[in-house]
Amino acid sequence: MRATDDRYRGEQAKFELAIRMIRHEARTGTIRYLTGLNDDRIRKLYTSYFKFGDEPVRRQRGRSPTRIAPLVRTPQRALESGVFANLLLANGLLSVDQQQPGPPLKHNVDLGHRFCECYETFNVLVPRSSLSFEWGWNLFVSMRRGDELGIARCDACSICYLFDVLSLPRSACPACLLFEQRGHVEPLAAAG
């Protein structure tokens, strides 16, 4: 009986994660990757719980985003991406030490729930963000690979921000750039 209970709990956790991810408009491929559920079951969950509900949930089509340039293209987006990356670091999903890449991603329901918690917290902290769930997942996977996105600390304002490691020269601190764009002359460190 115990083996059946454990199996049921595992299936229940997969379904709960899939429903949580559908609420965040995650793509079927991302849900499948984290839960191990097949595409048909994911579509049936959407139809059963969301298709005719009071709050419509859009289904994203196509492949998940893989480019990192939109994450750091503008100072505003770079700051938003930095906030999300810091939440991932604080929850142990990312490691600053590249020698310890973190837990495996595929079919990791616990990691999926923790990622959703980070995304939900991010939406509370940055309410009108342009960072969707799928772009957040792209940021997470790119940071785990460690070959395109890096984290830097600004000498002037001590903020941690993301930058494209392949672009030369390295982008300036997005917080300082926004501060300058809004008409302030002195850097953030001098103002605070």
Legend entry - Residue within segment 90-100 that is crowded, with 19+ Cβ neighbours inside 10 Å and closer than 19 Å to Pro174 by Cα present: no
Inset, instruction - Could you run through segment 29-47 and say how many residues are buried (at least 18 other Cβ atoms within 10 Å of the Cβ) and assigned to a loop (DSSP other than H, G, I, E, B)? - result: 1
Inset, instruction - Answer yes or no as to whether Val57 is at pLDDT 80 or above, within 22 Å of Thr28 (Cα to Cα) and more than 11 Å from the chain's Cα centre (by Cα). - result: no
Legend entry - Filter result for the condition that a residue is in contact (Cβ under 8 Å) with a residue 60 or more places away in the chain and part of a loop (DSSP other than H, G, I, E, B), over Gln76, Gln60: Gln60
Inset, instruction - Considering each of Phe140, Phe163 in turn, give the residue that is over 29 Å from Arg20 (Cβ atoms) and aromatic (Phe, Trp, Tyr). - result: Phe163
Inset, instruction - Being crowded, with 17+ Cβ neighbours inside 10 Å, small (Gly, Ala, Ser) and farther than 14 Å from Phe133 by Cβ narrows it down to one of Ala26, Ala78, Ala69, so name that one. - result: Ala78
Inset, instruction - Return only the number of the condition from (1) under 24 Å from Ser142 (Cα atoms); (2) free of Cβ contacts under 8 Å to residues at least 60 places away in the same chain that Thr30 does not satisfy. - result: (2)
Inset, instruction - Please go through segment 10-65 and pick out each residue that is of a type in the set (Asp, Glu) and either touching a helix residue (DSSP H, G or I) at 6+ places or on another chain (Cβ under 7 Å) or assigned by TED's automatic domain parsing to the domain that holds Phe140 (or both). - result: Glu25, Asp39
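The values are calculated or read from the model by the stated rules, or taken from the named source; none is laboratory data. None of these values were measured; they are calculated from a predicted model. Note that each Cβ is placed from the backbone with ideal geometry, even for glycine, and that neighbours are counted across all protein chains shown.
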